[in-house]
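Every read-out reported here was derived from the displayed coordinates using simple, explicitly stated rules and does not represent laboratory data. Just so we're clear, the structure is a prediction, and the values are computed from it rather than from any experiment. Using ideal geometry, Cβ is built from the backbone for each residue, glycine included, and neighbour counts are taken over all protein chains shown.
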Amino acid sequence: MDLYIKQKIFSLKDKYSVCNELGEPVYTVEGELFTWGAKIHLYDLMGRELYYIKQKVLTFLPEYEIFVGEQFCARIKKEFSFFTPRLNVQSSYGDFEIEGGFMEMDFSIYHNGQVFGEIHKKWLSWGDTYCLTVANPENAAFFTSMVIAIDNCMHNESNQ
């Protein structure tokens, strides 16, 4: 299953639209204004919150937590590495390793040493645009929230 995650650039807060292969909306993503650390919500088309992404502040490297309601679901930590980004995910869906390419444009999601998904960033687009390919569509919303956290990890490091 492929999902296309596009960041809206003319917005005061983080905003993304998420569409399927046919261009049909699947999820909306909105950040909160005036918070200490990013706070971002992933909603279904009926406006129900599916996941809540919260940046941990005062950490050496970027770290985000994902919640379902008030319940902790995952922790995404950027690892120290040279040349290519690496992230570690501990979640209720299992543990994942994310390895990025040199230009931070492509990422592979590994689970137990096997490729579980791919993230590709488009080169020439207004705002960040990602294509997320996941093997299991049942967890598409969770992996979408992971992409949002990764985008923030890669581009908001100076806001720590």
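Summary of values
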| read-out | value |
| --- | --- |
| Residue tally, condition under 17 Å from G94 (Cβ atoms) and not in a helix (DSSP H, G or I), over the range 119-137 | 3 |
| In the range 78-137, the residues that are free of Cβ contacts under 8 Å to residues at least 40 places away in the same chain and in contact with an Asp or Glu (Cβ under 6 Å, 6 or more places away or on another chain) | R86, N88, S108, Y110, H120 |
| Close pairs (9 angstrom Cβ cut-off, 6 or more residues apart or separate chains): more than 17 Å from A38 (Cβ to Cβ) in the range 10-27, assigned to a loop (DSSP other than H, G, I, E, B) and aromatic (F, W, Y) anywhere | F10/W126 |
| Qualifying residue in the range 94-103 (condition: in contact with a Cys (Cβ under 9 Å, 6 or more places away or on another chain) and closer than 15 Å to V147 by Cβ) | no |
| Residue within the range 1-16 that is of a type in the set (G, A, S), crowded, with 16+ Cβ neighbours inside 10 Å and on the phi < 0 side of the Ramachandran plot present | no |
| Test for N136: is it loosely packed, with under 15 Cβ neighbours inside 10 Å, touching a Gly at 6+ places or on another chain (Cβ under 9 Å) and within 21 Å of V29 (Cα to Cα) | yes |
| Residue within the range 49-64 that is touching a residue at least 60 places away in the same chain (Cβ under 8 Å), part of a loop (DSSP other than H, G, I, E, B) and of a type in the set (K, R) present | no |
| Qualifying residue in the range 138-157 (condition: outside any helix (DSSP H, G or I) and under 11 Å from the mean Cα position of the chain (by Cα)) | no |
